[in-house]
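Trainee: Below is one structure. I have some questions about it.
The values are calculated or read from the model by the stated rules, or taken from the named source; none is laboratory data. The model shown is predicted, which means the values in this text are computed figures rather than measured ones. Because the Cβ atoms are built from the backbone with ideal geometry, glycine has one as well, and the counts that use them run over all protein chains shown.
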Amino acid sequence: MWKMIRDWVLAGVLPVILSFLPGCTKPVQQELDQTQARLRALQELVDAVNGELTSLNQIVAELDDSHTLLPGSVVETEDGYELSFKDGRKISIHIGRDGQDGRSIVPVGVRLEEDGLYYWTVDGEWLLDADGRRMRAGSADGADGYVPQTKVEDGFWWISMDGGATWEKLVGCGEMDGLGVFKDMDITALGKVLLTLWDGTVMEIPSRFPFKMSFAGPVRDTVLISAGETLPIPYEVLIEGETDQPLTVTSGTDGVYLSQIEAGETPAKGVVKVRAPKDYADGYILLSASCGGYSALKMITFRPREITPADARSTVRLGSGNDSKTIPYKTNFEYVVQTAEGSWLEIAPDTETEVLTFTALPNTGGEVRTCEVTVRPKDNPDYVCTTFRVYQATESFTIRMEDGGRFAFDAEAMRLEAPAEGGDTDLWMTFHSELSASVPGEEDWLRAEVVTEDGFHRLKVHVDPALDAQGREAGVRIQLKTGGIPIGEITVVQAGE
C-alpha cells in the first residue's frame, strides 16, 4: 500500500509541488517522467491481460453452449487470430511470443473437470471462493461465469474474483519475459482447433476445418515502389491438408493504389499487379484467399524507392578516345543496368561506393555517337528508374554540305577548300569549352558560327558562290567564348568559277 501511495504522489501531487520550487533539478524531472512512463506501461499491461482473461471466458462460454467454429471463421491477424462462432460472436486472441512482447506470464488459466465444465486455476491449482468452492468459468445457468481481474502492485501480480473488493497476491513480475494467457493455436487438426494456454492447458474447440490456408511470408509485408510505377508482386497461398474446392484470390485497395490479380501457373501461385499514384503517397492493398468457406488475408504496404540523384533522365558526355566518367548513383533497392547489345559503351555499377562508371571505346568515326542506358529494379525489370543518354565526341572532323557540293579539309594545314558554287558545311569540334567564331576583315562572302549540339560544338561555315575565276580565301578565327582568347584559325580557300 505504501508503494501505491508513493507512486501516486510521484506521478500526481509531487509535480505540482515542484512546479513552484525554483530549485527543481533536471534529474528530478527525469525520474518523474520515468515513473509516469512505468505507471502507464503497467496500466496498459494490466488492461491487456484482463482483456485476454475476458476473451478466455467468452471462449469457454461458447463451448458450454456447444457453439462451434464454422468454415472460414478463423482468420489469422498480425499478432494472433480472430475466431467467429456460429452464434455470430467474434473473439480476438493474441498469441504471445516468449521473450519478445515484454509482458510477464500470468499463472491464471482454466481446466476441464470431470463434470464437463471449465473452472479457473492459479498456478495449476483450483481457484476457490470464500466458501472453498471452485470458481466456474464460461457460463452458468445462462449467465456468464466469473472473470478474474488482475493488477500489478509492489512487483507482484494480484488477482480478484469479486470485482476488486478483495485481492490475493500471486507471483512476482520478474523480467516480464512471456505473455499473458494464450501461447499457441493449432488449426491443422481435423474437426477441432487446439488452443494452448501459458499454464500448459490445451483446449479443444470443435470446428469443421479439413485444412489450413495462409499466404506465404508475413501477414503484413512492405515493398518498395515509385510514383506511377506498375509493380508485379508474386504471391503464394499455402494449403495444408486436402480439398477439392476451388481456390479464389482477390485484391482490395485503399483507393490510392490500384491492384489486379493475374493468374499464375496454378491457382495458388500468381501475381498481383499494383499501380502507384502519379504523386507518391503511403497506402496498402489487401489480398484475400478463399476456398470452401475458408479464408486468409495478407496486407501489403508500400514505401518509396529512393534514388540519388533523383533525375529520371540524365546526360553523360565522353571524349572521343578511350574515355571514362564516374557519377554518383545511390538507391535503397537492388538494380540492374541495361544497354544495347554489342555497344561501344560499358557500364560498371558499384553498390558499395554507390557510383556508376561509364567507359567508352575510341570513336574513330566522323559523327558524334549516342547510346541509351537504363537502370531498372531487379524486382521489376520492365520499369525504368533512370535513363542515361550518353554522347561521345568524334575523333575527326565531319564535312557535310546540304546542297551536294564538296568541301575538302586538311586538318594538319587547317585549310578548308570550298567549291566555287559555294554552300554550307559543318566541322565537328571535340573541344569541350564554349567557343565562338569570327571572320576578320570585311569578307561578306564567308560566314561562320559555333553552335552547340548534344553538349559538343561544331563550326558552321557558309560560302557564297564565286563571282569570278580568280578564287579567294579568308580566315575563320576560333576563340573561347568567355574572354575571347583565340585558340586557332582555319583558312577557307574557294576556287574560282
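Trainee: Which numbered condition in (1) part of a strand (DSSP E or B); (2) among the hydrophobic types (A, V, I, L, M, F, W, C); (3) modelled with pLDDT of 80 or more; (4) over 19 Å from K183 (Cα atoms) is the only one that L70 fails?
Mentor: Condition not satisfied by L70: (3).
Trainee: When you go through (1) surrounded by 15 or more Cβ atoms within 10 Å (Cβ to Cβ); (2) at pLDDT below 90 one by one for D184, which number turns out not to apply?
Mentor: (1)
Trainee: Within the stretch 277-284, is there a residue that is assigned to a strand (DSSP E or B) and within 24 Å of the chain's Cα centre (by Cα)?
Mentor: yes
Trainee: Going by the structure shown, is S320 part of a loop (DSSP other than H, G, I, E, B), more than 25 Å from the chain's Cα centre (by Cα) and at pLDDT below 95?
Mentor: Spelling it out, S320 is indeed part of a loop (DSSP other than H, G, I, E, B), more than 25 Å from the chain's Cα centre (by Cα) and at pLDDT below 95.
Trainee: Search the stretch 259-276 for residues being in contact with a Ser or Thr (Cβ under 9 Å, 6 or more places away or on another chain) and in a strand (DSSP E or B), and hand back the single one that is nearest to G217 (Cα to Cα).
Mentor: V272
Trainee: Same structure again: Which members of the stretch 344-353 meet the condition of being surrounded by 15 or more Cβ atoms within 10 Å (Cβ to Cβ) and more than 30 Å from the chain's Cα centre (by Cα)?
Mentor: Answer for the stretch 344-353, where residues must be surrounded by 15 or more Cβ atoms within 10 Å (Cβ to Cβ) and more than 30 Å from the chain's Cα centre (by Cα): W344, L345.
Trainee: Determine the pairs where a residue that is in the same structural domain as T326 (by TED's automatic domain parsing), located within the stretch 336-350, has a partner that is of a type in the set (V, I, T) and surrounded by fewer than 15 Cβ atoms within 10 Å (Cβ to Cβ) with Cβ atoms under 8 Å apart, the partner being 6 or more residues away or on another chain.
Mentor: P349/V355
Trainee: Report yes if some residue within the stretch 303-315 is more than 30 Å from S73 (Cβ to Cβ), surrounded by 15 or more Cβ atoms within 10 Å (Cβ to Cβ), charged (D, E, K, R) and touching a strand residue (DSSP E or B) at 6+ places or on another chain (Cβ under 6 Å); otherwise report no.
Mentor: yes
Trainee: Please work out if D221 is closer than 17 Å to K298 by Cβ, among the acidic types (D, E), out of contact with any Phe, Trp or Tyr (no Cβ under 6 Å at 6 or more places or on another chain) and not assigned by TED's automatic domain parsing to the domain that holds T150.
Mentor: yes
Trainee: In addition: Across the stretch 360-400, which residue is modelled with the lowest pLDDT among those that are surrounded by fewer than 18 Cβ atoms within 10 Å (Cβ to Cβ) and of a type in the set (A, V, I, L, M, F, W, C)?
Mentor: Looking at residues that are surrounded by fewer than 18 Cβ atoms within 10 Å (Cβ to Cβ) and of a type in the set (A, V, I, L, M, F, W, C), I get I399.
Trainee: Looking only at the stretch 181-200, which residues are in a strand (DSSP E or B) and in contact with a Leu (Cβ under 7 Å, 6 or more places away or on another chain)?
Mentor: Listed by number, the residues that qualify are F182, K183, M185, D186, V193.
Trainee: If you check D468 against the conditions, is it under 49 Å from the mean Cα position of the chain (by Cα), over 17 Å from V316 (Cβ atoms) and at pLDDT 85 or above?
Mentor: In short, no.
Trainee: Let me ask something else about it. Looking at the stretch 237-253, which of its residues are farther than 18 Å from M185 by Cβ and either loosely packed, with under 15 Cβ neighbours inside 10 Å or at pLDDT 95 or above (or both)?
Mentor: E242, T243, D244, Q245, P246, T248, T250, G252
Trainee: Could you grab me the full set of residues in the stretch 323-343 that are part of a loop (DSSP other than H, G, I, E, B), under 28 Å from the mean Cα position of the chain (by Cα) and not charged (D, E, K, R)?
Mentor: Scanning the stretch 323-343 gives Y329, N332, F333, T339.
Trainee: Restricting the first residue to the stretch 450-465 and requiring it to be over 16 Å from R317 (Cβ atoms), which pairs with a second residue that is among the aromatic types (F, W, Y) and surrounded by fewer than 20 Cβ atoms within 10 Å (Cβ to Cβ) meet a Cβ separation below 7 Å and a spacing of at least six or different chains?
Mentor: Final answer for the pair search is V463/W445; D464/W445.
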